[in-house]
1. Here is a list of conditions, (1) assigned to a helix (DSSP H, G or I); (2) in contact with a Gly (Cβ under 8 Å, 6 or more places away or on another chain), and Gly195 meets all of them except one; can you say which number that is?
2. Has the stretch 121-129 got at least one residue that is outside any helix (DSSP H, G or I), open to solvent by 40 Å² or more (accessible area, probe 1.4 Å) and under 22 Å from Val55 (Cα atoms)?
3. Counting only residues that are open to solvent by less than 20 Å² (accessible area, probe 1.4 Å) and under 14 Å from the mean Cα position of the chain (by Cα), how many does the stretch 177-193 have?
4. Does Ile140 fit the bill of being open to solvent by less than 50 Å² (accessible area, probe 1.4 Å) and not basic (Lys, Arg)?
5. Among the numbered criteria (1) under 29 Å from Ala45 (Cβ atoms); (2) surrounded by fewer than 16 Cβ atoms within 10 Å (Cβ to Cβ), which one does Ser196 miss?
6. Any idea which of (1) assigned to a helix (DSSP H, G or I); (2) of a type outside the set (Gly, Ala, Ser); (3) open to solvent by 70 Å² or more (accessible area, probe 1.4 Å) is the one Glu95 doesn't satisfy?
Amino acid sequence: MASLELLGFGSTGWGALLILAALMTLAVTATALAIGAVLGAIVAAAKLSGNPILVMLGNVYTTVFRGVPELLIIYLIYFGGSSAVTSIGKAMGYEGFLGLPSFAAGALAVGIISGSYQAEVFRGAFLAISKGELEAASAIGMHRGMRFRRIIMPQVLRLAIPGLGNVWQLSLKDSALISVTGLAELMRTSQVAAGSTRQYFLFFIAGGCLYLILTSLSDRIFNGAERRANRSMPASAMGQA
C-alpha cells in the first residue's frame with residue numbers, strides 16, 4: 001500500500017512527476033526527430049546527387065553517427081558545446097562557466113544521431129519511386145520544382161513512414177541517455193524517485209511501463225498513418241510500389 005501511495009498524485013506521490021517526465025521525453029524526442037529530418041533530407045540529397053565529394057561527405061556522416069555510441073555523442077555535444085560557449089563568453093568578457101541547456105543539447109545530439117538513420121530512410125524511399133513516373137512527369141513538361149512537389153515529396157514521405165516509425169522508436173529509447181545532462185525526462189525522474197524513496201524496483205518498473213506505453217501508442221500512430229497514406233494512393237501506384 002505504501003508503495004502504491006508513492007506512485008500516487010498526492011503530496012507524497014511521484015505519479016504526476018513521472019507523467020510530466022514522460023511528456024518531456026516526448027517533447028525532446030519530437031524535437032530530435034525534426035532536427036534529424038532536416039539533416040537526413042540534406043544528407044540523403046547529397047548521397048543521391050552523384051557528386052563524388054557530396055556522396056563521400058554523406059557516407060562519412062552516416063557511418064560516423066551510426067557507428068559511434070550514442071552516449072559518447074551526447075557527451076561530446078553537451079560538454080564540448082558547453083566548453084565552446086564558455087570560451088566564446090570569456091572572449092566577450094564574461095567570466096564563469098556557461099553550459100548548454102540540457103534540452104537543447106540532448107535534442108541536438110539525438111537529432112544528429114536520428115539524422116544519420118533518416119538519411120538512409122529517405123534515400124531508400126526515393127530509390128523506390130517508379131522511374132516511369134518521373135519520366136512521364138518530364139515528358140509532359142513538369143519542371144524540377146513541380147516534380148519534387150507533386151511526385152517526389154509525396155511518394156518519399158509515404159514510403160518513408162515505416163522507416164521513420166522505427167527511427168522514432170530508436171530516438172525515444174535514446175532519449176533515456178539524455179538523463180546524463182540532468183534533464184528531467186522519464187529516465188532521470190525514475191532514477192531520482194528511486195534514489196529518494198529507496199524503492200528502486202518500483203520506480204524503474206513504473207518508468208519501463210511508461211516507456212512501453214509511449215512506444216505502443218507511437219507504433220499505433222505510425223501504423224495508422226501508413227494505412228491512411230496507402231489508401232490515399234492511386235491503385236496503379238500501389239501496384240508499382
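1. It is condition (2) that Gly195 fails.
2. yes
3. The qualifying residues number 1.
4. Judged against the criteria, Ile140 is not a match.
5. Of (1) under 29 Å from Ala45 (Cβ atoms); (2) surrounded by fewer than 16 Cβ atoms within 10 Å (Cβ to Cβ), only one is false for Ser196: (1).
6. With respect to (1) assigned to a helix (DSSP H, G or I); (2) of a type outside the set (Gly, Ala, Ser); (3) open to solvent by 70 Å² or more (accessible area, probe 1.4 Å), Glu95 is out only on (1).
Per-residue answers, yes or no, for (1) assigned to a helix (DSSP H, G or I); (2) touching a Leu at 6+ places or on another chain (Cβ under 9 Å); (3) at negative phi:
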{"site": "Gly141", "(1), (2), (3)": "no, no, no"}
{"site": "Arg149", "(1), (2), (3)": "yes, no, yes"}
{"site": "Leu177", "(1), (2), (3)": "yes, yes, yes"}
{"site": "Gln191", "(1), (2), (3)": "yes, no, yes"}
{"site": "Leu202", "(1), (2), (3)": "yes, yes, yes"}
{"site": "Ile221", "(1), (2), (3)": "yes, no, yes"}
{"site": "Ala229", "(1), (2), (3)": "yes, yes, yes"}
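The values are calculated or read from the model by the stated rules, or taken from the named source; none is laboratory data. Quick caveat, the model's predicted, so the values are computed rather than measured. Neighbour counts are summed over all protein chains in view; Cβ atoms, including those assigned to glycine, are modelled from backbone coordinates with ideal geometry. For the accessible areas, the whole protein counts, side chains as well, though only heavy atoms, and no ligand, DNA or RNA atoms are used. Shrake-Rupley method; radii C 1.70, N 1.55, O 1.52, S 1.80 Å.
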